[in-house]
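Quick notes on the structure that follows.
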Amino acid sequence: MYRYLALVVGAAVLAGGCAPAPSKLGPDARALTAEQAGALAQRLANEKAQALFHCQPFHNSPPAQFVRGHWTWHDLRGRGSGDFEATVEFATDGVNPDVSVIQLDNHVMLR
């Protein structure tokens with residue numbers, strides 16, 4: 001009986017040591033690279049632009065920048081007689097995105 005119990009406890013200890021528990025991985029264990037963050041930001045910006053303006057103007061965009069503990073991405077693209085500007089920010093692993101896309105009108109206004 002004791003031999004069986006020792007075997008079970010020993011197996012549990014060894015199995016538990018094979019991979020660290022999620023809480024031991026740390027906050028950056030699932031962090032994105034700059035290229036992955038940039039691709040995610042571009043996709044989110046295009047989804048927002050599609051919903052608001054029926055277009056997807058952001059292509060071949062730069063990687064995101066890691067600023068003060070989170071990813072930030074900004075792009076400006078010309079289209080027709082206006083520009084589209086996007087700013088996207090999210091956590092190191094891509095969660096909690098904040099996406100802003102605006103259309104800048106370049107029409108001349110006469111007074």
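Which is in contact with a Pro (Cβ under 8 Å, 6 or more places away or on another chain), surrounded by 14 or more Cβ atoms within 10 Å (Cβ to Cβ), in contact (Cβ under 8 Å) with a residue 24 or more places away in the chain and of a type outside the set (Phe, Trp, Tyr), of Val99, Val88? Explain how you work it out, then say what you get.
Working: Val99 fails: in contact with a Pro (Cβ under 8 Å, 6 or more places away or on another chain).
That would be Val88, the only listed residue that is in contact with a Pro (Cβ under 8 Å, 6 or more places away or on another chain), surrounded by 14 or more Cβ atoms within 10 Å (Cβ to Cβ), in contact (Cβ under 8 Å) with a residue 24 or more places away in the chain and of a type outside the set (Phe, Trp, Tyr).
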(request) Give the residues of segment 31-64 that are in contact with a strand residue (DSSP E or B) (Cβ under 6 Å, 6 or more places away or on another chain) and assigned to a loop (DSSP other than H, G, I, E, B), sorted by residue number. (result) Pro57, Phe58, Ser61, Ala64
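Looking at segment 65-111, which of its residues are within 23 Å of the chain's Cα centre (by Cα), of a type in the set (Gly, Ala, Ser) and not in a strand (DSSP E or B)?
In the first step, residues of segment 65-111 are kept if they are within 23 Å of the chain's Cα centre (by Cα); the result is 65-77, 84-103.
Still in the running and of a type in the set (Gly, Ala, Ser): 69, 86, 91, 94, 100.
Selection gives Gly69, Ala91, Gly94.
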(request) Only one of these is buried (at least 19 other Cβ atoms within 10 Å of the Cβ), in contact (Cβ under 8 Å) with a residue 12 or more places away in the chain and more than 11 Å from the chain's Cα centre (by Cα): Ala41, Ala49. Name it. (result) Ala49
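Since every read-out is calculated from the coordinates, none of them should be taken as a lab result. Since we're looking at a predicted model, the values are computed, not measured. Please note: Cβ atoms are built from the backbone with ideal geometry, for glycine as well, and neighbour counts cover all protein chains shown.
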